[in-house]
Amino acid sequence: MGIRNFLIEGVSGTGKTSIATGLQQRGYHVIHGDRELAYQGDPETGEPLDGSALKRSVLDVAFGHKHHLWDIDKVKSLVADQSHPISFFCGGSRNFHHFIDLLDEVFVLDVDLDTLKRRLAGRPEDEFGARPAEQEVIMRLHATNEDIPRNATAIDATAPLASVIDDILSKCGETRTVMAAFGSVRP
């Protein structure tokens, strides 16, 4: 999708969707991976789960999380499309190891435990992370970083949203946009 492609990852509640929306508002090309690429599948083979496994995925939060995958062929197709100078893939995938080498860089949003708990407590009931069983899985993942890409650039996502976006853009070499936000350079 872009000449340069970036992944923005992090556990639920760190701000991936907010960052994606903010980047879109600034005119960047964004793929909401959890909405546009995700499905429930076998993390090893990529095969979609059958009916009984899908039912288990709905009932067992940890199982569902482990089987939350992105369609690799779609990711490859989007990365190959060079009609955008820069594209941001935002979301989490348990099979990122199958496509991470196609990306220019990976950013992991990081927040402290108190911030994470506060954000999850404020989620609507129909959003992932609002229920106690989901929060339990998220807290474990936050503590262990077990499914976060290694060698990623950590981003302090406790800062105000505009600052977090500016930090990401700066690390992507988009200094003109960042400076314009501060009034130093005209777009």
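Output the residues belonging to the range 120-150 that are among the basic types (K, R) and more than 16 Å from the chain's Cα centre (by Cα).
The answer is R123, R131, R140.
Could you run through the range 133-173 and say how many residues are under 30 Å from V58 (Cβ atoms), open to solvent by 60 Å² or more (accessible area, probe 1.4 Å) and part of a helix (DSSP H, G or I)?
4
Among the residues of the range 7-25, is there at least one that is assigned to a helix (DSSP H, G or I), open to solvent by 20 Å² or more (accessible area, probe 1.4 Å), closer than 26 Å to I155 by Cα and of a type in the set (A, V, I, L, M, F, W, C)?
No, because not a single residue in the range 7-25 is assigned to a helix (DSSP H, G or I), open to solvent by 20 Å² or more (accessible area, probe 1.4 Å), closer than 26 Å to I155 by Cα and of a type in the set (A, V, I, L, M, F, W, C).
Could you please tell me which pairs satisfy a Cβ distance under 9 Å, a separation of 6+ or placement on different chains, a first residue in the range 38-61 that is more than 22 Å from E9 (Cβ to Cβ), and a second residue that is at pLDDT 90 or above and open to solvent by 60 Å² or more (accessible area, probe 1.4 Å)?
Hits for this filter: P48/Y39; L49/Y39; L54/P48.
The values are calculated or read from the model by the stated rules, or taken from the named source; none is laboratory data. Quick caveat, the model's predicted, so the values are computed rather than measured. We place every Cβ from the backbone using ideal geometry, glycine too, and count neighbours over all the protein chains shown. We work out accessible area using only protein heavy atoms, side chains counted, and drop any ligands, DNA or RNA first. Shrake-Rupley method; radii C 1.70, N 1.55, O 1.52, S 1.80 Å.
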